[in-house]
Every structure is written in C-alpha cells, then in structure tokens.
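Some notes on the structure that comes next.
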RNA sequence: GGGCGAGUGGUGUAAUUGGUAAACACGCCAGUCUUAGGAACUGGUGGCGCAAGCCGUGGGAGUUCAAGUCUCCCCUCGCCCACCA
C-alpha cells in the first residue's frame, strides 16, 4: 500500500480539477434553456474583504460548509453555481493608504492575490472563472449605473445630515470608527485612531430612500426561508409599529400638535405633551412661551451633545416645561402642560407624544420633575371558578398591602387592609394610600411604620440572596408569589416588651396572605396580579380602562379604536427604519456619478460615460474642509455639463462600502457582461422565474451581516425587480448563519493578540482534507468554537484510517459477477457473512445520516457517523469495493482530494465529484432485532433483545423472565407497565 | 433596559425531541509494535464505593412511570439592539 501523502495528492487533484474546469457552472443556452438539462442550484457565501492580515482559519469554515452543500448538489445532479469574489472597498485599506501613502489598488491587488492563493489550497469548488472584484471599474460601472436608476426614480436625494467629525484628523468618521466610552455624565464618542472627542458636523449627503420599501421589506419576510432569528433581526430593524396620529389643540392658539401613539387607550391618563427639542412648535410659539430664555438655554445644551450622549442608557432624561403653553386633551378637554425633552426623537413618529404613567420613560421623566400622574389602564383578572362573575375582573383601589413579619427569626404574613368579604368575593376593591409614583411596598411600609412604630422594615429583595433563600425555604407555601413583595421586620436589636406592643398593634390589622387574596378572588394569574399590586404605575400590557369616563371598563384594544375615532385621529404605520446615508467624504469607494452645473443643476453622468473612474491621488487624506480627497483633483472635478456643455463640477463623494455588496450575487451569473450588469437569460436561469420567491437557493453568511447587508441587498433587489431588471421579488430564498472560529482560549482571532492561525500552515502539515474535516467536526456550524491545534490530529487519523481500508477491499461477488477470489476468502463467504451484512447496514445508516445532516448543516455529527463507519470497516476482515465506493462518495464533499485519489486508484476514470449521490436502502436500515432497556420504577435494571414487532405482552413476559429483573420483581405487585416501542419497558411496582 | 441564545466529563461536544446521559474526537492511563522516541493499533477513562450500589447535565422547586429535554423561580455567560412613543 502506498503511503498517504497529502501534499502530492492535493496539489495533483487541484490542478486536475482546474484543468478540466469541473466546477465551472454552465450558463443556459441562448434560448434560455439549461445546457445540460440539469436543474440549477445557486449556492452563495459572503464574499470576503481581502484584508492585509491575510486569511485565518476562521474564514474558510463557511466556505467549506457551503462547499459541502454545493458538492452534494453536484452529485445529486444539479448544475451548481458556487462563485467567489472580493468585497475590496473598505476602511482598513483606506486608512492604510492614508498612513503609508500606498495606492489602495496596489494594496488590494496584493491582498487578493494572497487570499486567492490561500483559498485555492483548500480545494473549495468555487467557480473561479466568475471571480469578481468590487473595486474593478468594470464592476463598479454597474454599481454606479444602479445608483443612476435610483436617481432617476427619485429614490436618491441630497439632504443635510449630521456626521461624526474628528476635528484633529479632519475627517468624517463612519459609525464603526467611533468608539464610545463612559464618562461621568453618560457616554461620549471618540475617534478610533487619535482618541479626540468626536464632534457633530452638518454635511450634504446622498441618501437612498429605503423607507419607501419598508413595508415590503417587512411583509415579504413571510415568503423567504431565513432562520427565525434572522427574520426577527430584520423585523426589529425595520421596526414596524401600528398606531395613531392624534391632534392636540393648543389653548389660545391656532397651532396644533400632532402626536403619535400606539396606545391611544391611555389618553385619559395623559398628563403632559412632550416634544422633541427640535420640534417646530418651539420656535413658532416663541412669543407665547413665558420662560423662553431658559428654554433657549436648554436647547443649546441639547445641541452640544452628540447623538451618543443623548441616547446613552445611563443618562438622565432632561427637559423643560414650555410655560404659558397648554395643550388640550381632545378626549376630555383637559388642559395639560407642554414640555420639551431630549428623550423624544424628532425623527421618529411626529416628534411629539402625550405622556402617560404606563410608559416607563414617561414615568421616569414625570417622577424626576414631580409631575402629577394618573393611572388609566389596569390588567384584567379572570375568574373561572365563580359562575356569577361573568366578566373579567377589575380590581380597584381599596387596600391590599403585603407585609411580612418576623416569627422566630422571620415571620411571613401578607397584610390585607380592608373589609373582609363574606360569601361572594367582591368583584372590585380598591388599593388605597398609594401616592404619586409610590409603589405598593413603599405605601405599605410607610403606613406600617406610622401605625406601629416598626422602623426596621425591609423588603425581602433587599436582603442578601443567601438570606432570601433560607427565608423562602422556611416558607415554602408562599415562596412562589411572595418573593416579589415580602416585607421583613428586623427585630433582632429591639426590646422584647416594645416588640410585643408593636406586634399587638399590627395584629389589630387583618393579615391575609396574598395567595389567599388572589385565591379568594379567583384570580387566575396571581403572578400578574401580584406584580400589578406591586407596581401599578408601570403596568404596560393590554388591560381595561379605568377613570376614563364612558370608556371605563372597556378592554383597551376596543377602547383604542373607539377613542381614535372619537378624537378624529388617523391610524398610521410607522417604521424605525431610516433612509440610508449613501455618501462619504472618503477616497476608497465608487465615485457617485453626478455632475453639478450652475445652469442645469444636478445632472446624472450619462450612462455611456460610465464608469466614472476613481482617479489616482497623491494624498488620501480628506481636505481641510472635510471633502473627499477627490476635491483636490482638478482634472477630476472640472468637467462639462452633459446637457448644456457648460463648465460644471463633479460630485466628489464616494459610495459607502455596502454599495458593491448589495448586488454582487447578480453579477456572478454573468460576470463578464459589458452590456448590462447581468444578462436577462442568465438571471432568469440562475435566480428562477418564480416571482414570489426565487433567487439564490442558499445563502450562508455571518451573523453580523444578517441585518444591514441583508436588508440593503433586499432593498436593491426589490428596486431592480420593480424596474423589471431581475426576475424575482427577493434575492435569497434561504439564509443561514455560521459561528465564528475563535482563537485558542476562546478570544477573537486577531493580529494584535498574536493568536492568528494561518490555514496554510495547517494545510502544509496535515493537509486540506484534514483541515476541512476538522473544521466541520469541531462543533455545531452555527456556533462559535475555539480553535484547537491539539485536536486536529483526530481528523487526520480519520483520513488515514479511510486510506488504510483499501487493504481490505474485495469484490462484491453478487454485484461484480466475477469469479472466485483467488485468496480463499471467497466472495460467497463475504456476501453471506453476518459481519458483511452488519457492515452494509451500518453503511446505509451512515448514508442516511450524512445525507440528512448535510441539509441541516449538522456537519459535526455527519463526520462523527463517518468516523464510526471507517472504524468498523477497518476492523472488518473484508470490505466490499462497492460499499467502499459509496462511502467515498458521501465523504467526498468533506474530503474531496483523498476520496478522489482512492476513487481513481480503484480504476474509476471519471471524477468522483460528478458521480452520483448514493441512496440508502430502507430495508437495510430497519433493524429486526433490537436491544431494549428494562426499567424498574424508572431505573434501568437490565436489557433484553427482542424482535421489533413484538407485542407489549411478549416483551413483558420476556422482561420478567430476565435474570437481572427477577430479583427486583419477586414478591412485589406490578402496578403498571409502560412499553415504548423498540426503546424500553418500564415496570412500576 | 429590551430581544435572542447558551450553561452537560479534564477539553471540543453528542443525545433519535420526554425514553440507556456523555456517541464521536482531543487529552490522559495501560498494552502491542519499535534500537529508541514518535506514529499506528488494542483496551480503559463522569464522581463516590472493596462491592452490591448510590450520586451525576449552573442552583432551587414542580409535572411525569420516566426530565439534559416540559413548567416556574434564581444565578452566570455570549450575541444583537438600544430612549422607536
């Protein structure tokens, strides 16, 4: 037997495959039909950003994963497109250029060459003939072209925007270049490179109106097969919320305030209208605002803060009342104050809200400025026990206090103050003594202090955890509910006589456990009930209205509709999603193809003049005024207006890095086309004709790209679909994510930490096949795993084991029809032997498992099952060639080189990569005899072998006869027997 | 603060979805082979116990004949989002 030499084998087959082009996807013929009559399959990975750090072992994991899918599809008879390219515009290269003065083109060329070489050594079945690069003018010509289509349709527009500005570097910063640090008063942003605090600056920016597509981007998620968490991420980002716009009149003024709310049912509790500081009303009503000078001071303070400061979590909400202005609540004509506050965002909704105590932010704000609040909604409590209580219950205020008293150390009693009910439980009762902003516990504590003189009262949650646990252990019955609100009296240092006196006073009150209150009221959800009692102010769920005039008692959902109607509000849908800032004052990006002419205005560059090539510059630093370095290149800026031929200037902003990656999957289908971004026939073939879904069959990428990149490319795709330039509504049918590979020890792999593992090192010592198998085996594909060079040897041993099996091979007599094996281990013997049959069974089980696991990306368990098979084959005296070949086929997507070598050594002339995926035989998978567990009272006491189809009674008899079992059962009654078919039998004594 | 996910041997992890916990692999121990070392192969390897056996999936309760898996409470970690009315 030849020795396994991965170096020779791998480079040999990589050359051979490239020479024969077996991974080249076939485009359709001119009439649009498939060349090969095979169905198409388009599998996609996120194309890499070729950084100067080079490839590390984390990069290839997703490529290998999709490679396995793609290779399996080829064996299943698909015409597979599995392409790769470079997302090469990017900040690191640009910053490197600023620092060193090196041309990013040169750097990028070098980096992509390195990456390509590294990736090619792994034997991934990419179609390299379609390689693309976003920085190639032939590519970005079409990125610019698509931008012009946006411009034509009015979806690209210019707007003054605030950007992050580093005053030292004189450069606009992308959000990812701003680092946030905590300061005394919240958080602030700093320049990533020089640490200077970031300032705000207004700049005219190109915008793309993605909000026009918000609704469709949201709705169409129903149609695609993305992992649930990915859909959720998309939905959260788009942030759809249905609500109403309601006008509040202003007293003694013709002005109105339009507010947005999703909870119109809480309007009876409105105690103020709060505006964003930028709200137009502030300036419009200048003359009526009595404290305008103070207001102005406040506005200036707000203006100074950056967005980060303004929205940081630990920051106090601030605001100021607009004195002299009153808003009129349209539902009851109440006059309420108007405030401005920095936590109201001008860009969301209408930039104005009414405040109610059920909103946590409003509540906190009102508490801080000591505004008076009123409750308007409360939860409903269901009474299912008492037939006379038909409706859900409204619990009003009368008096429920929860108190815990000490008794030999701790006592536990929950206090209910109020009249005891007799017979029927009261349907309503009222919580008393709860003042503005005070919760039930505070109120109870205060009252008890006042009445009894107990000063050392504690809320159970204020005790150390260990004490709490002991406490609840001693009072198991109340544990479940009482742990939220128990009060503890600390009597340790008190005079005994004094305590007795106080306790007597306390006993004059009525003590009832809260469980009992809930129980007596038949309140089902006693936890909700209790939480509500505890903190009525911040109850935010759907409930029923209270103190709301004719709406009192109405469920909030119903009331919401009616109130909106009553006050003439308009039902609207709002989105969090904001338009996409589509320009940067930076060098390394696609120039935005627009010309400014003094007579004609903003003029798009004619399509025939595309691409607008990125000119060479000497200095990559933006200008002192913050324009892109292109602004210094006279030959670029100065041009002629395409319309009037007069003197004009070019736009010097460039596109953001997301631009090129928003449509790259379209270019792959026709990467050399110079008449269109891709030909129609190819698009229809590769994306499919199904307008509803269609698109790339399977797209796998990183978690970090499942919101923005995915959303942006869906947006572009839908736009192109509307222009009838792509055949499908959605770009990707199916999307999954992979987990990262971390450095040894579980930290991120990075050059600065010095824990980067270069895949080439691994390929050199262990081979690409070993590395591929290991990366798939190391853990679940969608989870992060720490790299371990120590463990990789296991994958190598597996490959070597497979290699050694060739020494065991014999022809399968029945299938080959050839004569006797000369070496007296005759084929008949092999064919009939039990070992042979068992091995064949195992093979078919493995085929099934691997086939199914690949579809779910459970590569780790697929590898594990093949390891078991390899071990069994190696142990066997003989292995049938045909069986071994089947094994090679299912292993080939994981380890393409070694399987190809073994395949050809067995005399096969055609590549294993285009053979066919084996099918498992159902009859060989079903076991006839199975081992089942015998349990006594749920504990395993023995095992027996039965025939699968045996009846419960027979299995029982067999089990009871078993020697291990007899001793347990003897002299005892059998109460019950549970038989789980083919698994276990449980005898309950 | 919100959302999502996770916690299982010394390590990476598996568990047919409520049915033998730890498959597979790394490591470790012993053996075979070898001049030696390594590689490879074979066997062993959750804890306590001489043993029968008992305990064991972050902690605590519960449902069940049966819980890693379901329910409730608590703790810890990771990711994403972050004042979205």
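Only the coordinates and a few stated rules stand behind these numbers; no lab work does. Fair warning: this is a prediction, and the values are worked out from it, not measured in the lab. So basically every Cβ, Gly included, is an ideal-geometry build from the backbone, and we count neighbours across all protein chains shown.
General observations
- Each 10 Å bin from zero holds the following percent of Cα-Cα pairs in the range A:234-377: 11, 43, 37, 9, 0.
- Cα-based convex hull, the range A:902-949, per residue volume (Å³, whole number): 169 Å³
- On the principal axes of its alpha carbon atoms, the range A:918-989 extends 54, 20, 19 Å, with the longest extent given first.
- Hull volume in cubic angstrom per residue (convex hull over the Cα atoms of the range A:711-759): 140 Å³
- Calculated FRET value between residue A:975 and residue A:947, using beta carbons and R₀ = 25 Å, to 0.05: 0.40
- Residue A:871 versus residue A:241: modelled label distance in nm, points set 7 Å from Cα along the beta carbon direction: 5.6 nm
- Burial ordering of A:802, A:693, fewest other beta-carbon atoms within 10 Å first: A:693, A:802
- Size of the range A:197-296 as Cα extents on the principal axes (Å, biggest first): 58, 43, 25
- Of every Cα-Cα pair in the range A:567-616, the percent that sits beyond 17 Å: 62 percent
- Residues A:666, A:577, A:753, A:325 arranged by fewest to most Cβ contacts within 10 Å: A:753, A:577, A:325, A:666
- Ordering A:320, A:592 by the number of other Cβ atoms within 10 Å of each residue's own Cβ, fewest first, gives A:320, A:592.
- Quotient of C-alpha Rg and 2.2 N^0.38 Å, computed over the range A:82-127: 1.35
- The range A:653-732 and the range A:1-75 have Cα centres separated by 21 Å.
- Based on every Cα atom in the range A:649-704, Rg and the maximum pairwise Cα distance Dmax equal 14.6, 44 Å.
- Hydrodynamic radius by Kirkwood, which averages 1/r over all alpha carbon pairs of the range A:99-152, in angstrom: 13.6 Å
- Remark: the range A:533-649 projects, on average over all directions, an area of 15.7 nm² (convex hull of Cα atoms).
- Over all distinct Cα-Cα pairs of the range A:874-938, the Kirkwood formula returns a hydrodynamic radius of 14.6 Å.
- Label-point separation, residue A:742 to residue A:765 (7 Å along Cα→Cβ), nm: 2.3 nm
- Modelled FRET efficiency - R0 35 Å, residue A:707 with residue A:361, Cβ distances, 0.05 increments: 0.90
- Stretchable slack from residue A:105 to residue A:852, in nm (0.36 nm times residue separation minus alpha-carbon distance): 264.5 nm
- Descending semi-axes in Å of the range A:11-128, equivalent ellipsoid built from Cα gyration tensor: 32, 16, 13
- Euclidean distance between Cα centres, the range A:735-762 to the range A:910-968, Å: 43 Å
- Extension gain for residue A:117 to residue A:231 (0.36 nm times residue separation, less C-alpha to C-alpha distance): 37.5 nm.
- Virtual spin-label span in nm between residue A:864 and residue A:782, 7 Å along Cα→Cβ: 1.7 nm
- Kirkwood Rh, angstrom, the range A:603-707 [1 / mean 1/r, Cα pairs]: 17.4 Å
- A full extension of the chain between residue A:924 and residue A:38 corresponds to an added length of 316.0 nm, given 0.36 nm per residue minus the alpha carbon distance.
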